Amino acid sequence: MTQQNFIIDVRQGEKKEQLSAPAGANLLSLLQQAGFTLETPCGGQGRCGKCKVRLLAGPPSATTRSTVEERLLTATEKSEGYRLACLFQITGNLVLELPTTGYFQILTNPAEDLPVEPVITEQKINLPPPSLDDQRSDLERIKAELPGITIPFTLFKTISTLLRENNFKVKTACFGHELLVISGQKASPQIYGLAVDLGTTTITGYLLDLSSNKEIGAYSTLNPQRRYGADVLTRIQYCMENPAGLTEMADVVRDELNKMITYFTVTYDLAPTDIYRITVAGNTIMLHLLAALPVDNIGLSPFIPVITTETTIKAAEFNININPCGKITLLPMIAGYVGADTIAAILACGMDDHSEINLMVDIGTNGEIALGNKEAILTCAAAAGPALEGAHIQFGMGAVDGGISQVNFDREKGVSYATINNKPAVGLCGSGIIDLLAILVEIGLVDETGRLYCPDDNSENWSPEFPPSLCQRISKLNNVPAFLVASTSEGAVRDIYFTQKDIRELQLAKAAIAAGIKTLLDEMEISAQQIGHLYLAGGFGNYIDLHHAVGIGLLPKELEDKTIPIGNAAGTGAKMALLSQTCLARTETIRQKCRYIELSANPSFNSLFIEEINFPATIF
């Protein structure tokens, strides 16, 4: 008997598509396979409540929600027909509306004056033409002028014609000991490279002209692996549970790199064959997933990766659409949870070349910390990023259109906020979350332990001094104290709350970062006052209010006036390694200087983490 398939009409912004699925199919899997994008921080395991879809039409059975959905969806969302795609089994024809992701604010550093020492070298050569007395092959003739150089087979077909058309006077370009390009001396071959920061949440790429050493353009997008989970642990788990998981992960990110290449070639009128080199920075798991290398052992103690040293691969092996002779270099990594992005950031800020001891903190989806100087560098990783980027926050979101990125409070005017691109408020992104939490702690509506006072609780600590404009925004949401940040009556797309559970998530995140920093300080036997500078890397570090970050105890108060935001330092480091042989070699030197501290096995970290859970007693 033929199995009946149901029709699912889906709309997401301008994209509309009609899908077909059998009874019992999982809606999230169907949508992802069709190329629709939904937020799935927990990897579709029914924990985060972010994969919301609006059911516009369907059979009666489609309106029955699970107990998890009843808990995770607000009353307004339930009344408007929202369901969680990961918990939805198809039992009939459906009409669905999906939220749009909109514009995502991704930090791309502008061009800087970077050190240049070309990895790809050009040389003009005049070859003796063949004769009856000199019957060497064309290949032997070139090798005699370029001793030690390997010539790839892909160039064999064009060499003979090219030599004769140019009277045996040609120009070559070599990557190390391999010939990449051969052309007439009057020709100006276009030789380009890409520097890529492969982040857990976002991917940023830079196109550079390797002949002039100029940056041509930048490209940024979301990492399509987000569909498998917001953090690396969820993605590792997916690979371990699904036989094809590793291949899927590699394929989607390689496809995204090819989209980047297409954008650059179309925008700047290049051919894919004009791109000869790509350097990639990223955390260890991201680079393993790009290379389709097993990540199982990184997910299990003692957290051992397959590779940590610099690795160069032919682009064709990754199905990356650049010149067939092109190379992809994965920058060196430090350990399972501190990767090439940290090495690239250290390279970019130069802390490996200074006598004074500096601190570098990159608060992205993963929190990497480095402390040291030119003699030695300690590193660690703190599991903090997803909450600080909104992934574990009920109304949290990435830095997309409508994300509340800044929150202010005035005792007379009350709460005000700013959103990305001034769009109607949709949710809270990381910088706005830090602002809001710091304000509530400063006022006293959130106490040292992280408790959000609620008038309904008749708390003995409730103070008549609390500003009425704030107090009237506090109520219960699903029996949990919650602060109303923005409402539909104020122009928001939906009522947006900041809940007691959100505060607990942020306490864990900020405690992990703060305790990680103190663990490295204790390991080096120095105090925060002895640190020269705090380099704050990444988009989150670039956009947060530093005073608020210090105020909630995320960063050391002693370093507030010593902090230097360095933006997308991983991307800058990847560009430096692309342009300079010395910088590329320096990445390996940095790797050898670094010592990794595994926080989960460090007794000091565990006690410091408990100390840092609470907020500072007196702030501001």
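Numerical summary
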{"read-out": "Positions within segment 548-589 being in a helix (DSSP H, G or I) and farther than 30 Å from Leu194 by Cβ, in sequence order", "value": "His548, Ala549, Val550, Gly551, Lys557, Glu558, Leu559, Glu560, Asp561, Lys562"}
{"read-out": "Residues located in segment 265-286, provided they are more than 19 Å from Ala570 (Cα to Cα) and buried (at least 24 other Cβ atoms within 10 Å of the Cβ)", "value": "Ile275, Tyr276"}
{"read-out": "Within segment 166-181, tally of residues that are of a type in the set (Phe, Trp, Tyr) and either buried (at least 20 other Cβ atoms within 10 Å of the Cβ) or within 34 Å of the chain's Cα centre (by Cα) (or both)", "value": "1"}
{"read-out": "Test: residue in segment 465-487 that is surrounded by 15 or more Cβ atoms within 10 Å (Cβ to Cβ), part of a helix (DSSP H, G or I) and in the same structural domain as Asn542 (by TED's automatic domain parsing)", "value": "no"}
{"read-out": "Filtered residues of segment 516-547 (kept if part of a helix (DSSP H, G or I), modelled with pLDDT under 95 and surrounded by 22 or more Cβ atoms within 10 Å (Cβ to Cβ))", "value": "Gly538, Gly539, Phe540, Gly541"}
{"read-out": "Answer from Ala230, Ala281, Ala244, Ala250 - the residue that is among the small types (Gly, Ala, Ser), assigned by TED's automatic domain parsing to the domain that holds Asn319 and touching a Ser or Thr at 6+ places or on another chain (Cβ under 7 Å)", "value": "Ala230"}
{"read-out": "Residues being small (Gly, Ala, Ser) and closer than 15 Å to Arg595 by Cα - total across segment 309-359", "value": "4"}
{"read-out": "Among the residues listed as Leu331, Leu347, Leu289, the single one being closer than 30 Å to Ile151 by Cβ, at pLDDT 95 or above and within 22 Å of the chain's Cα centre (by Cα)", "value": "Leu331"}
{"read-out": "Members of segment 36-64 found to be of a type outside the set (Ser, Thr, Tyr), surrounded by 17 or more Cβ atoms within 10 Å (Cβ to Cβ) and either closer than 20 Å to Val10 by Cβ or in contact with a strand residue (DSSP E or B) (Cβ under 7 Å, 6 or more places away or on another chain) (or both), listed by number", "value": "Phe36, Leu38, Glu39, Gly44, Gly49, Lys50, Cys51, Lys52, Val53, Leu55, Gly58, Ala62"}
{"read-out": "Residue in segment 588-599 that is modelled with pLDDT under 90, more than 30 Å from Cys174 (Cβ to Cβ) and either out of contact with any strand residue (DSSP E or B) (no Cβ under 8 Å at 6 or more places or on another chain) or of a type outside the set (S, T, N, Q) (or both) present", "value": "no"}
{"read-out": "Lone qualifier among Asn408, Asn373, Asn366 - being modelled with pLDDT of 90 or more, polar (S, T, N, Q) and under 30 Å from Lys593 (Cα atoms)", "value": "Asn373"}
{"read-out": "Subset tally (residues that are touching a residue at least 12 places away in the same chain (Cβ under 8 Å) and outside any loop (DSSP other than H, G, I, E, B)) for segment 311-357", "value": "25"}
{"read-out": "Positions within segment 420-436 being crowded, with 24+ Cβ neighbours inside 10 Å and either over 24 Å from Val550 (Cβ atoms) or out of contact with any helix residue (DSSP H, G or I) (no Cβ under 6 Å at 6 or more places or on another chain) (or both), in sequence order", "value": "Ile420, Ala425, Gly427, Leu428, Cys429, Gly432, Ile433, Leu436"}
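The values are calculated or read from the model by the stated rules, or taken from the named source; none is laboratory data. In this text the structure is predicted, and so the values were computed from the model without any measurement. A quick note on method: Cβ atoms are made from the backbone with ideal geometry, for glycine too, and the neighbour counts reach across all protein chains shown.
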